[in-house]
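Trainee: I'd like to ask some things about the structure below.
The values are calculated or read from the model by the stated rules, or taken from the named source; none is laboratory data. Model, not experiment: these values are computed from the prediction. Cβ sites come from the backbone with ideal geometry, for glycine too, and all protein chains shown count toward neighbours. Keep in mind that these areas ignore ligands, DNA and RNA; they rest on the heavy atoms of the full protein, side chains included. Shrake-Rupley method; radii C 1.70, N 1.55, O 1.52, S 1.80 Å.
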Amino acid sequence: MNIIDELTWRDAINQQTDAEGLKKLVSDHKIALYCGVDPTGDSMHIGHLIPFMMMKRFELAGHHPYILIGGATGSIGDPSGRKTERQLQTMEQVNHNVEALGAQMKRLFGGDANVTMVNNYEWLSKISLLDFLRDYGKVVNVNTMLAKDIVASRLEVGISYTEFTYQILQSIDFMTLHREHNIQLQIGGADQWGNITSGTDMIHKIMGSDEEVYGLTIPLMLKADGTKFGKTAGGAIWLDPKKTSPYEFYQFWLNQDDRDVVKYLKFFTFLSKDEIDQLAKEVKENPAGRHAQKRLAEEVTRFVHSQEALDQAEKISDILFSGNVKELSVAEVQEAFEKVPHVEMSSDSVNIIDVLTETGIEPSRRQAREDVSAGAIYVNGEKVDEIDAVVDPSTNFSGKFVIFRRGKRNYFLAKVKN
């Protein structure tokens, strides 16, 4: 299947500068293409992942992706999607973020020799102000720049000259990569359309109208309820396992709405059309089985983290579902209970009623006695149904934690004070 046909059935194309020309090009040749990310932080979140999934598909189809990390543009700030000016970062912070994002990209693309990483600081930092104005500013029409959505949306509240010129810098990126590496396609999110077309315009004006270059954008990802994809009550879902643990990452995908799961399978997995069609059928015929969500969680967690991280996430999920939490290691407890309510307790042995009320797990001693007597309280996976029972923190998890459960799913993690 032609890569453009594949992206089309995956509903992964928003706009193209020349759909017929691009399809013919990638049918006849293996091309070089690029996508950029600015180091505004030291980790990408899953929203950033979308265009790079498309880059991975091009790689699998035999094309040569270039990953651009914007060490220069990241120090300026892209106005796209923002109503206010970005806070400029120090160059020290920018460089730290460049290294962190580079490491993430290497994990995603597996150090493949057919993928090249570049940093636009290498060429943009060498352009003098006079060269910028004479060589590039002269071919860019201000009226055209003002009409771009990324700038027009900011005109009422104002935009600095720094952020106004961002699209020129990105255009220089495209032209430099085209000239030096014969890169013919830039991919980006839907909000990057103005920047991408500025790049094709600059190439045609400076290098000639017969230069064969293209732009392609990915649709804006929204959930079925109309809200923005990738956000939860706890914030963004990060690719950095220190910011979002693999278990939490896995659970995010496992808990997707039936209305969204097939769309996410198309975007975020490399499953074939036949496999996804079969999973879509199961969503309709057996939604309670949640086979599509489980497959989605497996595929994305494995791709972003590793098979080992997926195995651990599934182990934690199975243990929490069964209630056998004493089988968890100390590290797995920390990962699994990162987002559940935390309380503190003494390292001394203590009566079950006392500890439930002193930690606030139960609102009153009366309620604590009722729940214990009813068999609704579990300590480290074991049912406690005697009101004179004693909790000894030293018996599990190296004396660091005690896991309480009230009912079937209400977990509380007690951190033991030394």
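Trainee: For the stretch 279-327 and the stretch 173-208, what is the centre-to-centre distance using only Cα atoms, to the nearest Å?
Mentor: 40
Trainee: Right, something else. Going by alpha carbons, how many degrees (0 to 90, nearest 10) lie between the helix axis of 91-109 and the longest principal axis of the chain?
Mentor: 80
Trainee: Another question, then. Over all pairs of distinct alpha carbons, what does the Kirkwood formula give as the hydrodynamic radius of the stretch 342-402, in Å?
Mentor: After inverting the pairwise mean of 1/r, the radius is 11.6 Å.
Trainee: Counting only protein chains, not ligands or nucleic acids, how are 253, 238, 9 ordered by accessible area (probe 1.4 Å), most first? List each step's numbers first, then the result.
Mentor: Numbers: 253 0, 238 80, 9 45 Å².
The ordering from most to least exposed comes out as 238, 9, 253.
Trainee: Keeping to pairs on different chains or 8 or more places apart, tell me how many lysine pairs in the stretch 260-348 have Cα atoms under 30 Å apart.
Mentor: 25
Trainee: Starting from 0.36 nm per residue, how many nanometres of slack lie between residue 8 and residue 343 once their C-alpha separation is accounted for? The partial results should precede the final answer.
Mentor: Working: separation 335, 0.36 × 335 = 120.60 nm, distance 5.00 nm.
So the chain would gain 115.6 nm between residue 8 and residue 343.
Trainee: While we're looking at this one, here's another question. Normalise the Debye intensity by I(0) for the stretch 121-270, one equal point scatterer per Cα, no solvent, then take log10 at q = 0.15, 0.19, 0.21 Å⁻¹ and round to two decimals.
Mentor: -0.93, -1.12, -1.24
Trainee: Could you tell me what a quarter of the Cα convex hull surface of the stretch 305-418 works out to, in nm² with one decimal place?
Mentor: Its average projected convex-hull area is 6.8 nm².
Trainee: Continuing with the same structure: Would you mind classifying the stretch 70-110 by shape? Square roots of the alpha carbon gyration tensor eigenvalues, ordered a ≥ b ≥ c; an a/c under 1.5 is rounded, otherwise it is prolate if a/b is larger than b/c and oblate if not.
Mentor: Judged from the Cα gyration tensor, the stretch 70-110 comes out oblate (a/c at least 1.5, b/c at or above a/b).
Trainee: Here's a follow-up. With no solvent and one equal point scatterer per Cα, compute the Debye intensity ratio I(q)/I(0) for the stretch 1-124 at 0.12, 0.15, 0.23 Å⁻¹ and report its log10, rounded to two decimals.
Mentor: Each listed q corresponds, in turn, to -0.51, -0.77, -1.35.
Trainee: Next question, about the same structure. Compute and list, largest first, the equivalent-ellipsoid semi-axes of the stretch 1-73 from the alpha carbon gyration tensor, each √(5λ) rounded to a whole angstrom. Don't skip to the answer; put the middle values down first.
Mentor: Numbers: eigenvalues 116, 37, 26 Å².
Equivalent ellipsoid of the stretch 1-73: 24, 14, 11 Å, largest first.
Trainee: Right, next: Applying 1/(1 + (r/R0)^6) with R0 = 30 Å to the Cβ-Cβ distance of residue 382 and residue 255, what FRET efficiency is obtained, to the nearest 0.05?
Mentor: Details: r = 28 Å, r/R0 = 0.93.
The value I calculate is 0.60.
Trainee: Just to verify a number: what accessible area does residue 404 come out at with the full protein assembly present, 1.4 Å probe, Å² rounded to tens?
Mentor: Rounded to the nearest 10, the figure is 0 Å².
Trainee: Follow-up. Treat the stretch 62-196 as a sphere of radius equal to its Kirkwood radius over Cα pairs and apply Stokes-Einstein at 20 °C in a medium of 1.002 mPa s; give the translational diffusion coefficient in µm²/s, rounded to a whole number.
Mentor: Taking Rh from Cα pairs, D becomes 133 µm²/s.
Trainee: Please report, for the Cα atoms of the stretch 95-151, the Rg to one decimal and the Dmax as a whole number; what are they, in angstrom?
Mentor: Rg, Dmax (Cα atoms, Å): 16.9, 43.
Trainee: Of 42, 348, 274, which has the most accessible area with a 1.4 Å probe, and how do the rest follow in descending order?
Mentor: Sorted descending by solvent-accessible area, the residues read 274, 348, 42.
Trainee: Could I ask something else about it? Can you give the Kirkwood hydrodynamic radius for the chain, in Å, rounded to one decimal and based on Cα pairs?
Mentor: This gives a value of 24.4 Å.
Trainee: Quote the FRET efficiency, to the nearest 0.05, computed for residue 415 versus residue 103 with a Förster distance R0 of 41 Å and r equal to the Cβ-Cβ distance.
Mentor: Between residue 415 and residue 103 the formula returns 0.85.
Trainee: Another one. If I model a spin label as a point 7 Å beyond the Cα along the Cα-Cβ vector, how far apart are those points for residue 222 and residue 324 in nm?
Mentor: 4.6
Trainee: How far apart, in nm, are two points set 7 Å out from the Cα along the Cα-to-Cβ line at residue 280 and at residue 165?
Mentor: 4.8
Trainee: Per residue, how much accessible surface does the chain expose to a 1.4 Å probe? Answer in Å², no decimals. Show your work: numbers first, answer last.
Mentor: On the way: 19940 Å² over 418 residues.
That works out to 48 Å² for each residue.
Trainee: Oh, and also: Given the protein chains as shown and a 1.4 Å probe, how many square angstrom of residue 85 are accessible, to the nearest 10?
Mentor: 80
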